[in-house]
Amino acid sequence: MSFDASTDDILSADNHLIQSFCDLDALKQNSGRTVINRAKGAYVYDSDGRELIDGIAGLWCVNVGHGRPEIIQAVTEQLNTLDYYSTFYNFTHPSAATLARKLAALAPGSLNNVYFANSGSAANDSAIRILHHYWQRRGKPGKRHVLSRIGGYHGSTYLAMAMTTPAYSDGWTSADEIVHHLRSPHHWREGEGLSEAEFLDALMEDLEQSIARIGADNIAAFIAEPIMGAGGVIVAPRGYHARALEICHAHDIKYISDEVVTAFGRLGHFFASQDVFGIEPDIITSAKGLTSGYQPLSATIISDEIYDVISAPGEKFLHGFTYSGHPAAAAAALANIGIMEREKLPEQVRRTGKQFEETLRGLGDIDIVGEVRGSHFMMGIELVRDKETKEPFDEAVEIGNRVAMAAQERGLIARPLGNSLILSPTLVMSSEMIERTGAILRDSIEAVMAELRG
């Protein structure tokens, strides 16, 4: 079908695609669907020709913006040279090898060993499977359980979904027999009557008690996003990650930092674990911004200590995916990182990201804006019926979706998540575009407020 086909033509022809995280029944009637058929820079364009600020960067991932010729050319040249070969057995190829070396240089400390897959879900599944093998080789096969958190999001494959906050598993099954969820670190919602420091102490006590209840000899790892993404952009109390890592290591539990969203500039650094939160985890997982979404690719980056155990003589590494380290995907990642380094995008985000954060925090004077949270180009806005009591809107009101649709009518894509809006735009937004985004959001929220008042 041509790119200039009408919206009706596209939707009437699209009767076979199963879309992700949506109401499939509603889609049968083509309810509320938007066809994106073109993109450039920080903008996307729908099939009716409307220009929209891409306020969610595709899905947290188009960090360097759309239509970058450097990445497109790198992928094209790679396909013309070597379209595909696996990294199975004794085979490798230049793109994957070069990218692994580059990521080892960018990652903190001793995280020098890189396993490629195709998604954040697969990266997190790989991290757990590698650690299960690691503990087997260390003579501790009982260490299979995983500590996660209420509000975390780690993917939608069977194991990754088990590690994700239970709200995403409603009506589905997952490998939840080996996953245990700790308290949400959301101080504004969960820390009633406690200072941030007191709430942090309570969270660490919950971690200690969970380890004691399950038994440290049964726990393989603790997994945490530096800032929770699809759980609502939740920022843990200051010092949370450093104290959690210290407790985990004291009990011989590995620490996985899920940087699928936070890596590659979103918080102003290539990796946030050490540069923003002051920790060197045992494993970092990444995806999304690794290629800016131009190709599907993820990386599970493990410490030298873990690698030395799983690469010692005696057993083979029996884990792999057909497209791990795909040449075109690796070429896209290298070109993407090259753009970030040449244009100093992480450094730029430390300025423009702070402007974006402050612009959105300025919406806090609106009656139904309960909390604006996040950092740099990773922000959440929670909408409430009553600001004093923090009473949420009823689900039937669909407040997040109504504001998101109002914003889209005004030229901005924002992601509704229950009573919240999520903003995770491209990292190439100008100051003027940031101001426009803030103005659209204010106008949209106030318009929906007027509708609710009747």
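A few notes on this one:
- Just one of (1) free of Cβ contacts under 8 Å to residues at least 12 places away in the same chain; (2) buried (at least 22 other Cβ atoms within 10 Å of the Cβ) fails for A105. It is (2).
- Of all the criteria given as (1) surrounded by fewer than 24 Cβ atoms within 10 Å (Cβ to Cβ); (2) at pLDDT 95 or above; (3) among the aromatic types (F, W, Y), the one not satisfied by F317 is (2).
- If the condition is being in a helix (DSSP H, G or I) and either outside the structural domain of S148 (by TED's automatic domain parsing) or free of Cβ contacts under 8 Å to residues at least 40 places away in the same chain (or both), then the stretch 185-202 contributes E190, E198, F199, D201, A202.
- Among the conditions (1) in a loop (DSSP other than H, G, I, E, B); (2) under 16 Å from N124 (Cα atoms); (3) touching a His at 6+ places or on another chain (Cβ under 7 Å), A230 misses just one, which is (3).
- Total residues in the stretch 241-298, condition without any contact (Cβ under 8 Å) to a residue 60 or more places away in the chain and in contact with a Pro (Cβ under 6 Å, 6 or more places away or on another chain): 4
- Lone qualifier among V114, V146 - being within 14 Å of S286 (Cβ to Cβ), of a type outside the set (S, T, N, Q), buried (at least 22 other Cβ atoms within 10 Å of the Cβ) and in contact (Cβ under 8 Å) with a residue 24 or more places away in the chain: V114
- Close pairs (8 angstrom Cβ cut-off, 6 or more residues apart or separate chains): assigned by TED's automatic domain parsing to the domain that holds A96 and closer than 15 Å to H66 by Cα in the stretch 323-338, among the acidic types (D, E) and surrounded by 24 or more Cβ atoms within 10 Å (Cβ to Cβ) anywhere: none
- Residue among G362, G338 that is surrounded by fewer than 20 Cβ atoms within 10 Å (Cβ to Cβ), closer than 30 Å to E77 by Cβ, of a type outside the set (K, R) and in contact with a helix residue (DSSP H, G or I) (Cβ under 9 Å, 6 or more places away or on another chain): G338
- The single condition among (1) in contact with a Lys or Arg (Cβ under 7 Å, 6 or more places away or on another chain); (2) over 21 Å from S126 (Cα atoms); (3) crowded, with 18+ Cβ neighbours inside 10 Å that H181 does not satisfy is (2).
- Candidate set: the stretch 272-304, residues that are aliphatic (A, V, I, L, M) and in contact with a His (Cβ under 9 Å, 6 or more places away or on another chain); chosen: the one nearest to D252 (Cα to Cα): I279
- Residues that are under 30 Å from E190 (Cα atoms), part of a helix (DSSP H, G or I) and more than 14 Å from the chain's Cα centre (by Cα), drawn from the stretch 114-162: D125, A127, I128, Y158, L159, A162
The values are calculated or read from the model by the stated rules, or taken from the named source; none is laboratory data. Keep in mind the model is a prediction, meaning the values are calculated, not measured. We place every Cβ from the backbone using ideal geometry, glycine too, and count neighbours over all the protein chains shown.
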